[in-house]
Amino acid sequence: MSSSGVLSFTQQGWEQVLAKVKRAVVYLDAACAESLHWGCGSTRLMEAVGSPECHLREFEPDAVGGGAKQPKAVFVLSRLLKGRTVEILRDIICRSHFQYCVVVTAMSHAVHLTANHVPAAAAAEMEGQQPVFEQLEEKLCEWMGNINYTAEVFHVPLLLAPVAPHLALTPAFASLFPLLPQDVHLLNSARPDKRKLGSLGDVDATTLTPELLLQIRCLVSGLSSLCEHLGVREECFAVGSLSRVIAADLANYAPAKNRRKTATGRASVIFVDRTLDLTGAVGHHGDNLVEKILSALPQLPGHTNDVMVNMIQLTSLQTEEENYNVIAPGCLAQSNDTTAKALWEALLNTKHKEAVMEVRRHLVEAASRENLPIKMSMGRVTPGQLMSYIQLFKNNLKAVMNHCGLLQLGLATAQTLKHPQTAKWDNFLAFERLLLQSIGESAMSVVLNQLLPMIKPVTQRTNEDYSPEELLILLIYIYSVTEELTAAKDLGEAEEKVKKALAQVFCEESELSPLLQKITDCDSSINLTFHQSKIATDELFTSLRDIAGARSLMKQFKSVYVPGNHTHQASYKPLLKQVVEEIFHPERPDSADIEHMSSGLTDLLKTGFSMFMKVSRPHPSDHPLLILFVVGGVTVSEAKMVKDLVASLKPGTQVIVLSTRLLKPLNIPELLFATDRLHPDLGF
């Protein structure tokens, strides 16, 4: 039941897939590719395929089919085998020459029954049978053109991308994000004949859209498989409205009941809504190198949790931008390189200054082992110094091959240290600290008026000024760290000034970024009118008001703001820190905000009897393993904080932090203003 269980869970799943891929054309979707990327690496898959004739391909409508000399295909999919996904499968197979098709789905057969509206009672009677998979096997043979060809369809829980022993992500659910108060109005309008929801506190499984409910069930199925691998019976707890629905679904997940009866270990699984604390997600107080790398370097295509590292410095190519696409990019995930993996975990667990010194130390040791002419230098680590060490490996193929993973992390560090975004990081941090003091001393209207001069059109901005996207990040910080706002004339006036200034800036942008296109519902600033832009900023501030009121239903975790006094400056206290401290409080109080989700009649009786008898209600600190799942994303600093805090408050308790994705500040506006929160795209 060690925290490395997330890695063994993922690797065990992939071993089942790798056993099927010999001499096959392999099609993967993005989420499964990301799980492979962090779990065991694409080289492991290529070795298992073992044939230069065969290829690795993205599962998409335009994917190239298999040729006459490619009779075998393996499809590895994170999604349900239904609708559009099945149509893509059919089209690829029909334009190929396959005689043997294997389809691996990360979604269990039980979830497929739910997706096909099979009642729970009928599904229970089918235990041990897999009619949905069997029907698809028949279809596969039909599409291959011969019923005597071979088809297999089976489930492997490829849920996780294990970033570290204590941290794993769920790429297939990267878009899953908690609801905001404005979503209550949308839910009400979709159910006009039913009781109106008053607030997020009224939301339960019966009130959500069918798509969101099915997405939750898909996640729950994967988490149940993880608990089975860990050998634990889980107690489920929740902080927040969407977390409550997920925790209740896991607690009452019918296929898990038999597993729980035989489980020898115990665990507490606590779900927390990201929206209860967006300050930690958009803030720059995390003194962590990896967070800066994620913010500075471009995203690796098709991935949500890794970046592209420019490797051209290790070649003889000129460093002009047109050559960047000639060399495949490096990345952060180094699942097959022991030394690089150790450095990666050190970067996750140390502060910025120690991390860059650790990168330097590893580069020096690697150069020494290769007998490269290294010149030692002490003191402050600079990007130029790191590059001088990396350049020693240039054109030395053997040395590059021996230390490829380390060189990727070294280049990522050097490129981040000299990136303009990193210099701006400190500016953000300084302004956020100023905001914390202002919020305690002044009205919200004064704080917004301080922001107003910083809203500049593109023609007046320097590199040190804030872009529209960065201004959104600051606004989210301001509204998330404050208490719930009350209506006031001066606040309304201040907001109106900021709205107009932002609307004008949006209109004057030379090019609208994908985020601004989404917010304004316009693909070009040339076509964007001020009226249209002003409507967009009005809606933007509705969301900001929702953020400010996100903790209004909390009784205990109402604030993440700690006012200053004569001895201490005002500060931010992360919600996750408050939750962990409450869990391991020496007096074990019953928390009003950490709700236990009962998993049947026995638990309900316990809860009922505890009102008038000495029956102990389940407490999240009861068990030796704590799984904390942040719904909506987590930062590297937060994961480290949780790990360190649990170790100090209750040594011996193991902790695994799970989340939908790794966050950088810009992700939050992207998630907040996504239009498919209630209607996620499930691939059919």
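The values are calculated or read from the model by the stated rules, or taken from the named source; none is laboratory data. Bear in mind the structure is a predicted one, so any value in this text is a computation, not a measurement. So basically every Cβ, Gly included, is an ideal-geometry build from the backbone, and we count neighbours across all protein chains shown. Just so you know, the surface numbers come from the protein's heavy atoms only, side chains and all, with ligands and any DNA or RNA stripped out. Shrake-Rupley method; radii C 1.70, N 1.55, O 1.52, S 1.80 Å.
Annotations
- Any hit, the range 63-86, residues being under 30 Å from the mean Cα position of the chain (by Cα), surrounded by fewer than 20 Cβ atoms within 10 Å (Cβ to Cβ) and within 30 Å of residue 401 (Cα to Cα): no
- Any hit, the range 293-314, residues being aliphatic (A, V, I, L, M), in a loop (DSSP other than H, G, I, E, B) and touching a residue at least 60 places away in the same chain (Cβ under 8 Å): yes
- Flag if residue 18 is outside the structural domain of residue 223 (by the TED database), among the aliphatic types (A, V, I, L, M) and open to solvent by 10 Å² or more (accessible area, probe 1.4 Å): yes
Residue by residue, here is whether (1) closer than 30 Å to residue 638 by Cβ; (2) part of a helix (DSSP H, G or I); (3) β-branched (Val, Ile, Thr) holds:
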site: 332; (1), (2), (3): yes, no, no
site: 336; (1), (2), (3): yes, no, no
site: 340; (1), (2), (3): yes, yes, no
site: 348; (1), (2), (3): yes, yes, no
site: 356; (1), (2), (3): yes, yes, yes
site: 360; (1), (2), (3): yes, yes, no
site: 366; (1), (2), (3): no, yes, no
site: 372; (1), (2), (3): no, no, no
site: 377; (1), (2), (3): no, no, no
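- Test result for residue 363, over 27 Å from residue 644 (Cα atoms) and open to solvent by less than 20 Å² (accessible area, probe 1.4 Å): yes
- Only helices (runs of 4 or more DSSP H) whose full extent lies in the range 460-521 are considered here, and the ones with at least 3 residues that are crowded, with 19+ Cβ neighbours inside 10 Å, of a type outside the set (Gly, Ala, Ser) and under 29 Å from the mean Cα position of the chain (by Cα) are 468-481, 514-520.
- Residue within the range 638-657 that is over 30 Å from residue 88 (Cα atoms), part of a loop (DSSP other than H, G, I, E, B) and within 13 Å of the chain's Cα centre (by Cα) present: no
- Selection count, the range 151-196, where residues are buried (at least 18 other Cβ atoms within 10 Å of the Cβ), in a loop (DSSP other than H, G, I, E, B) and not aliphatic (A, V, I, L, M): 5
- Residue count, the range 580-614 (criterion: part of a helix (DSSP H, G or I), over 20 Å from residue 234 (Cβ atoms) and modelled with pLDDT of 60 or more): 1
- Pair list, Cβ under 6 Å, 6 or more apart: the range 166-187 residue under 21 Å from residue 28 (Cα atoms) and assigned by the TED database to the domain that holds residue 632, other residue open to solvent by 10 Å² or more (accessible area, probe 1.4 Å) and assigned to a helix (DSSP H, G or I): 171/31; 172/31
- Those residues of the range 37-91 which are part of a helix (DSSP H, G or I) and under 29 Å from residue 338 (Cβ atoms), in sequence order: 37, 38, 39, 42, 43, 44, 45, 46, 47, 48, 49
- Here the condition is being over 21 Å from the mean Cα position of the chain (by Cα) and in a loop (DSSP other than H, G, I, E, B); of 21, 26, it holds for 21 alone.
- Cross-chain or 6+ apart pairs with Cβ under 9 Å, the range 383-412 first and in the same structural domain as residue 345 (by the TED database) and of a type in the set (Val, Ile, Thr), then open to solvent by 50 Å² or more (accessible area, probe 1.4 Å) and not in a helix (DSSP H, G or I): 400/394
- Residue list for the range 23-48, filter: without any contact (Cβ under 8 Å) to a residue 40 or more places away in the chain and either open to solvent by 10 Å² or more (accessible area, probe 1.4 Å) or of a type in the set (S, T, N, Q) (or both): 42, 46, 47, 48
- The helices (runs of 4 or more DSSP H) found entirely in the range 100-144 that carry 2 or more residues being at pLDDT 95 or above, open to solvent by 10 Å² or more (accessible area, probe 1.4 Å) and outside the structural domain of residue 259 (by the TED database) are 131-144.
- Options 545, 617; residue that is touching a helix residue (DSSP H, G or I) at 6+ places or on another chain (Cβ under 8 Å), open to solvent by 50 Å² or more (accessible area, probe 1.4 Å) and modelled with pLDDT under 90: 617
- Matching residues, the range 333-349, being in contact with a helix residue (DSSP H, G or I) (Cβ under 7 Å, 6 or more places away or on another chain) and without any contact (Cβ under 8 Å) to a residue 60 or more places away in the chain: 346
- Restricting attention to the range 53-62 and to residues that are open to solvent by 30 Å² or more (accessible area, probe 1.4 Å) and closer than 30 Å to residue 173 by Cα, the residue that is modelled with the lowest pLDDT turns out to be 55.
- Any chance residue 562 is closer than 30 Å to residue 267 by Cβ, surrounded by 13 or more Cβ atoms within 10 Å (Cβ to Cβ) and of a type in the set (A, V, I, L, M, F, W, C): no
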